[in-house]
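The numbers here are math on the coordinates, done by the rules we state, and not lab data. The shown structure was predicted, so the numbers you read here are calculated from the model rather than taken from an experiment. Don't worry about glycine lacking a Cβ; one is built from the backbone with ideal geometry, like all the others, and counts go over all protein chains shown.
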Amino acid sequence: MSLAATLRQALASGNARSPELLAGDPRDPVLDPDRPATPAAVLIAIVERPSPSAILTVRSDLIRNHAGQIAFPGGRIDPADRGPEAASLREAEEEIGLPRGAVELIGLADRYRTITSYDVTPVVGIVPPDLPLTPQPSEVAAIFEAPLDVLLDARRHLMRTVAWRGRERSYYEIEWQGRRIWGATAAIIVNLSRRLDLVG
């Protein structure tokens, strides 16, 4: 089965949420149920190589939230966007110069609500290798690719706990070549890994 077909099959199984999937902790006092979440989208751009990889960014130190963290390209869904797919393609083009026409859209992965009250829809797409990507300096400090088999390997999904705002918080972390992928980005990767496990 091709990579695209495997991804489509895995994402098609997403109609019913499994308790094994991560959605953000609804009991977290930071996730105020009366505070409306801001719709957002990220692009999981999978590079079609013999050993596929995923495009990730290092967020600029100039931005207000999550400076220096590793993320997928993406951001809030604007009123002019026709859904999360359009928003993710627009943001990826703005942030890293990824041409919209170069992305073969596969489907939507599981939504994840962040502690900063963003309701994030991950959009999965496949892109050809060696595109000339350029970071937008005010948002992105660096662009890199990480092997998909490394990111999706459950043995690398490390659970961490930290004291934050008077309580313990648990989160996933994935380490690769000295880079630390954690928080919502890691949770989105863990969810995708679990979806793919369903289709074997």
Practice prompt. Determine the dipole magnitude for the stretch 84-200: charges of +1 sit on the beta-carbon of Lys and Arg, -1 on that of Asp and Glu, nothing else is charged, the reference point is the Cα centre, and the result goes in debye to the nearest 20.
Written response: 660 debye
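How do the peptides 108-119, 133-144, 37-48, 152-163 rank, highest first, by the average count of neighbouring beta carbon atoms within 10 Å per residue?
Working: 108-119: 19.4, 133-144: 14.9, 37-48: 22.2, 152-163: 11.7.
So the peptides 108-119, 133-144, 37-48, 152-163, ranked by packing, come out 37-48, 108-119, 133-144, 152-163.
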Fill in: Cα lying deepest toward the dipole's positive end in the stretch 54-200, options 162, 103, 68, charges on Cβ
162
Worksheet item: How much net charge surrounds residue 95 when only other residues with a Cβ under 10 Å from its Cβ are counted (Lys, Arg +1; Asp, Glu -1)?
Response: -2
